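Report on one structure; see the data block that follows.
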Amino acid sequence: MTTKPERVVLIGVAGDSGCGKSTFLRRLIDLFGEEFMTVICLDDYHSLDRKQRKETGITALDPRANNFDLMYEQIKALKEGQTINKPIYNHETGLIDPPEIVKPNHIVVVEGLHPLYDERVRSLLDFSVYFDISDEVKIAWKIQRDMAERGHRYEDVLAAINSRKPDFQKYIEPQREFADVVLQVLPTNLIKDDTERKVLRVRMLQREGKEGFEPAYLFDEGSTINWTPCGRKLTCSYPGMQLYYGSDVYYGRYVSVLEVDGQFDNLEEVIYIETHLSNTSTKYQGELTQLLLQHREYPGSNNGTGFFQVLTGLKMRAAYERLTTKEAKLAVQV
Ligand SMILES: Nc1ncnc2c1ncn2[C@@H]1O[C@H](COP(=O)(O)OP(=O)(O)OP(=O)(O)O)[C@@H](O)[C@H]1O
Ligand SMILES: O=C(CO)[C@H](O)[C@H](O)COP(=O)(O)O
């Protein structure tokens, strides 16, 4: 950590395993810098180790396998600028290791299965995102990773996903109601009966009415737009690209929706899309494209997943700057 933070800004990153949280965290480091940001993985608050979960039949997604009281106390302490003695869940052994000391930092990211589950923890967060990956896409990603990189069999990957599903639906998915941004990743509408899942339809749901959060929009705020940007300024090979902007009601609240269906052939040309968006929270025209180009090798950089991950990161930076300036101004007034 660099200097002692005057105001710790807490960011929540929620979603199932294998949904792109780590990729997103790497993008956040580009915006905040490694020194400025500390990540707390909520797996460290598992109260049952792997053996105990197996014996009891309680999954890691079940709140009974997690210590929410300790999670709340420690996240609260960090937010108040105190050092904590955080437990460690060891993914290699499946055991709970001796705790480690974690100091507060300017940005503390709380990531994992349950950052928005416990009302007390949720209320501490300054900004949050939920990664909502549809089953079809989740299966395709997990199969690609676990088969290619971990040598698992197709049937085993599928069985693992299916065995998590009931608890996922009960305890993880409902958290999306509380997120400031929900990133939905769905099969494309551009290819009829697509089974490859290479081309994706990605939607960014931005909560309306949150203080200081100005949702990004396309062309004209509050309108409904369907835009086919392909042509002279954006190269699109089959099946093309379709953008959408409009508003919707999500869990009874208004959200602004941005959608990108399709993939970018040439990442440099993303600037064309960027210039038609407003409220992106960039510091200069082209910053969003620049950030995307910085890591073209990350999964999803050539489609809406990368694009909206960067935009969500920019919104988090804006929240950080707004909160810290506000606090600084208040401190001067006192
Ligand atoms: N946008 C994307 N496009 C294609 N594949 C992706 C994308 N994001 C993630 N993946 C695939 O999913 C895998 C997991 O991604 P990542 O490690 O970012 O997720 P995670 O939520 O942090 O997972 P875990 O909690 O299991 O570590 C990647 O290795 C990649 O195969
Ligand atoms: O969902 C998970 C992480 O987000 C893991 O399944 C959970 O942490 C349990 O870990 P393990 O695979 O070591 O039993």
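What follows draws every value from the coordinates through simple rules; no lab data is involved. Worth saying up front: this structure is predicted, and the values here are computed from it rather than measured. With ideal geometry, Cβ positions are generated from the backbone for all residues, glycine too; neighbour counts draw on all protein chains shown.
At q = 0.16, 0.17, 0.19 Å⁻¹ the log10 of I(q)/I(0) for the range 1-128 amounts to -0.79, -0.89, -1.10, computed by Debye summation with a single uniform scatterer per C-alpha, solvent ignored.
Calculate I(q)/I(0) for the range 116-266 by the Debye formula, one identical point scatterer on each C-alpha and no solvent, and give its log10 at q = 0.13, 0.17, 0.19, 0.21 Å⁻¹ to two decimals. Values, matching the q order: -0.76, -1.13, -1.24, -1.31. Of all the options 161, 101, 11, the one that moves most in a Gaussian network model of the chain with Cα springs shorter than 10 angstrom is 101. Placing unit charges on the Cβ atoms only, positive for Lys and Arg and negative for Asp and Glu, gives the chain a dipole magnitude near 200 debye about its Cα centre.
Relative contact order, whole percent, for the chain stands at 18, derived from Cα pairs under 8 Å and 6 or more residues apart.
Highest GNM mean-square fluctuation, the chain, Cα pairs closer than 10 Å: which of 138, 103, 54? Sorting by GNM fluctuation, first place goes to 54.
If the label point is 7 Å along Cα→Cβ of residue 51, which residues in the range 94-125 have backbone nitrogen under 11 Å from it? Under 11 Å, as judged by backbone N against the label point of residue 51, lie 94-96 of the range 94-125. Computed over the chain with a Gaussian network model linking Cα atoms closer than 10 Å, the most mobile of 258, 190, 311 is 190. Each of 152, 91, 114 was scored by other Cβ atoms within 10 Å of its Cβ. Arranged with the fewest first, they read 91, 152, 114.
Could you line up 236, 19 from fewest to most neighbouring Cβ atoms inside 10 Å?
Details: 236 19, 19 22.
Least to most surrounded, the residues fall as 236, 19.
With the contact rule set at Cα under 8 Å and sequence spacing of 6 or more, what percent relative contact order holds for the range 225-281? The value is 32 percent.
More than 38 angstrom separation, counting every C-alpha pair in the chain; what % is that? When every Cα pair of the chain is considered, 16 percent fall beyond 38 Å. Each of 139, 107 has some number of other Cβ atoms within 10 Å of its Cβ, and from fewest to most they run 139, 107.
State the volume of the convex hull built on the alpha-carbon positions of the range 179-333, expressed per residue in Å³ and rounded to an integer. Before the final figure, lay out each step's value.
Details: hull volume 20.4 nm³, N = 155.
Considering the Cα atoms of the range 179-333, their hull volume per residue is 131 Å³.
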